[in-house]
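Have a look at the structure below, then the notes.
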Amino acid sequence: MDTSSNKLEKAARRVWKSAQMFVGFHTDQKGKPREQPKLWPPKNGSASIHSDPSAQEAIVVVKAADPEAAQDVQIKLHPNRIVVRRDADMWWQGVAVDEHSVTVRMADNTIIEIRHDGSVKRRSAEDETHVEADGSIFKFTEFAEAHMTGDGVEMTCRTEDRIATITADGVVDRARKR
């Protein structure tokens, strides 16, 4: 009898078909930068992580099972972070994992950062949103700044000419002094 994980594996669409490790040399033997890194597959499938990723990187290339439906992914191993990237026109283009956060770059250049304390920051060309570890939300746009406390009891909105606040004690809405 199939377990639920076996059923899930059988039902899931295969996305990846292979992975290969490479060492990417970004400079030649004289230290001159290359336009494209020279990729060398280590014989034992193991590579040290160089202290300067601009000179040398350990890279795992994961091939898509169906190139029409998915893209190959590169996993770059740096001394201070792991970077997963692809050349995507849609969805995510890169994910960076370091000691304190996971950061995702979307195809539209939106950046989403999830920090070690559970806070989340989303930055795009139009706005910036912060969800703090305590649940407080801050929203910044060209036209307004808004804030809501983590417990939802207080909300504030500031525009160029007005400030409005809702608290447990009531509502304040007035023109801002300049």
(message) For q values of 0.15, 0.18 Å⁻¹, compute log₁₀ I(q)/I(0) with the Debye formula on a Cα-only model of segment 86-178, without solvent.
(response) -0.71, -0.88
(message) Given bins 5 angstrom wide, list per bin the percent of all Cα-Cα distances in segment 1-118, short to long.
(response) 2, 10, 14, 17, 18, 17, 12, 6, 2, 1, 1, 0, 0
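Could you quote the convex hull projected area for segment 51-135, Cα atoms only and averaged over all directions, in nm²? List each step's numbers first, then the result.
On the way: hull surface 27.8 nm².
Directional mean of the projected Cα hull area for segment 51-135 stands at 7.0 nm².
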(request) Can you tell me the relative contact order of segment 126-178? Whole percent, Cα pairs under 8 Å, sequence separation 6 or more. (result) 20
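Scanning the chain for GluC sites (Glu not before Pro) in DSSP loops with at most 14 other Cβ atoms within 10 Å, what's the longest stretch left with none?
Values: sites that count: Glu68, Glu99, Glu126, Glu142, Glu160.
Longest site-free region, per DSSP loop and neighbour criteria: 1-67.
How much length is gained if the chain between Asp161 and Asn80 is pulled fully straight, taking 0.36 nm per residue apart and subtracting their Cα-Cα distance, in nm to one decimal? Each step should come with its number before you reach the end.
Values: separation 81, 0.36 × 81 = 29.16 nm, distance 4.48 nm.
Gain on stretching Asp161 to Asn80: 24.7 nm.
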(message) Using all alpha carbons of segment 126-178, what is the percent of pairwise distances in each 5 Å bin, ordered from the shortest bin to the longest?
(response) 5, 20, 25, 23, 17, 7, 1
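Return the calculated 222 nm mean residue ellipticity for the chain, to the nearest 500 deg cm²/dmol, obtained by summing -39500 (n - 2.57) across DSSP H runs with n ≥ 4 and dividing by the residue count.
Numbers: 1 runs with 8 residues, N = 178.
Estimated from H runs of four or more residues: -1000 deg cm²/dmol.
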(request) Using a cut-off of 14 Å between beta-carbons, work out the net charge of the residues near Ser18 (Lys and Arg +1, Asp and Glu -1, Ser18 not included). (result) +1
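What range in the chain is the longest one free of chymotrypsin sites (Phe, Trp or Tyr not before Pro) that are in a loop by DSSP and have at most 12 other Cβ atoms within 10 angstrom? Don't jump to the answer; show the numbers that get you there.
Working: sites that count: Trp91, Phe143.
Within the chain, the longest run free of exposed chymotrypsin sites (Phe, Trp or Tyr not before Pro) spans 1-90.
Given a Förster distance of 35 angstrom, what is the FRET efficiency for Thr141 paired with Val97, based on the Cβ-Cβ distance and rounded to 0.05? Write down the numbers at each step before the final one.
Details: r = 29 Å, r/R0 = 0.84.
So the FRET efficiency works out to roughly 0.75.
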(message) I want to make sure I understand the PRE zone here: with the label point 7 angstrom from the Cα of Arg115 toward its beta carbon, which residues in segment 70-101 have backbone N atoms less than 15 Å away?
(response) 98-101
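Coordinate-derived values only; no laboratory data. For clarity, every value in this text was computed on a predicted model and none was experimentally measured. A quick note on method: Cβ atoms are made from the backbone with ideal geometry, for glycine too, and the neighbour counts reach across all protein chains shown.
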